[in-house]
Amino acid sequence: MENEKLINMLNRDLADEHAAIIRYLIHSYLEGEDSPLGAGLLSRAREEMWHMHWLGMIIGKMDGEPDLIPAPYPYDPTNRKTIFKSYVAYEKKLIPHYMKEADLIDDPHIKRVLQREAWESEMHAKKFQRTHDKLSPEQAQSLPGEENELPEIFVEKLQQVVAVKYTQMLQAIRDAWVFQGNGLSGWQIIDFSFTKMKQLAHMAEEVAENGLEPRLIKGNISTTTSIGVALKNSLESVQATHGLHADMKNDPEAQKHSGLMTNLDLTLKQEAYEAEEIEDRLK
Ligand SMILES: [Fe+2]
Ligand SMILES: [Fe+2]
């Protein structure tokens, strides 16, 4: 298969994995990540993150541009039973899809990745089926999510931070894939992306705890091929979110929630650390 065709094919798979991550994460946060249903969904979301990462690494190595627009994730939102049924169908469809793709590929690494995505999708289908079958009648007929208790203006503030941090995190993994040949810089960027995922999770959980879907909607992503430009952009971005978090810390509504304040303190320190690390690297 010629390179461009292969990159396009892998990018479509990347978009499918991305869609699954978002769906399972949002659902997990709405259930509560420490509830049995939420924990299972979070575990699936993490495995989808590996899948997305392997594909992104291959695309980056081939000098392709990763497509960070998630595909649609079709599901029937009527109740938990229909939702989990949709998840089973989604995962099942991917098994022959990935196997067919693997058959078209000669490169042993790419072939193995696609085959693994097939058998791990099969495992996901089985696990979702088991969850579906074990739902209590009450769970099966209802939906996750509590009543919103936060003022609308504060929720909007949280949602804005979620969307900006999500975009920043996606930019970091994109840069790590594209600049993987730059050795230490690539490693450092992927390391930063892990912290960003955690910071994102803190804010997204806060939104979901109030029964709302966290706004995992990406903004603009830079497709620069210069690592200097990428680092400069990421410094500006982390300084901007540091400002947003500092502003939130001063919000009287935020100060009513001690867990949120602790997470904000931690995030502010981490962002200052990251900014210093990038500044050093840019010297
Ligand atoms: Fe997957
Ligand atoms: Fe999956």
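Every number in this text was worked out from the coordinates using simple rules, so none of it is lab data. Everything quoted here is computed from the prediction, not taken from an experiment. Because the Cβ atoms are built from the backbone with ideal geometry, glycine has one as well, and the counts that use them run over all protein chains shown.
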How far apart, in nanometres, would the label points at I69 and R116 be if each is projected 7 angstrom from Cα along the Cα-to-Cβ direction? 2.9
Taking the Cα of E149, stepping 7 Å toward and past its beta carbon, and measuring to each backbone N in the range 240-261: which are under 19 Å? 252-261
In the structure displayed, which of K100/K218; K165/K256; K61/K100 lie more than 27 Å apart, Cα to Cα? K100/K218
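Counting pairwise Cα distances across the range 104-161, what percent come out greater than 13 angstrom?
The proportion of pairs with Cα distances above 13 Å equals 76 percent.
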In a GNM of the chain with a 10 Å cut-off on Cα contacts, which of S43, S142, S28 has the highest mean-square fluctuation? S142
Taking a cut-off of 22 Å between Cα atoms, list the lysines near K127, but don't count ones fewer than 8 places away on the same chain. K81, K85, K92, K93
Once you've got the GNM for the chain with C-alpha springs shorter than 10 Å, pick whichever of K134, K61, K111 has the biggest mean-square fluctuation. K134
Over the range 159-283: Rg over Rh, Cα atoms, Kirkwood Rh: 0.99
Compactness of the chain, expressed as Rg and Dmax over alpha-carbon positions, Å: 19.7, 61
Among E117, E48, E152, which one shows the biggest mean-square fluctuation in a GNM of the chain, springs joining Cα atoms closer than 10 Å? E152
Rg in Å to one decimal, and Dmax rounded to a whole Å, for the range 3-141 via C-alpha atoms: 15.6, 51
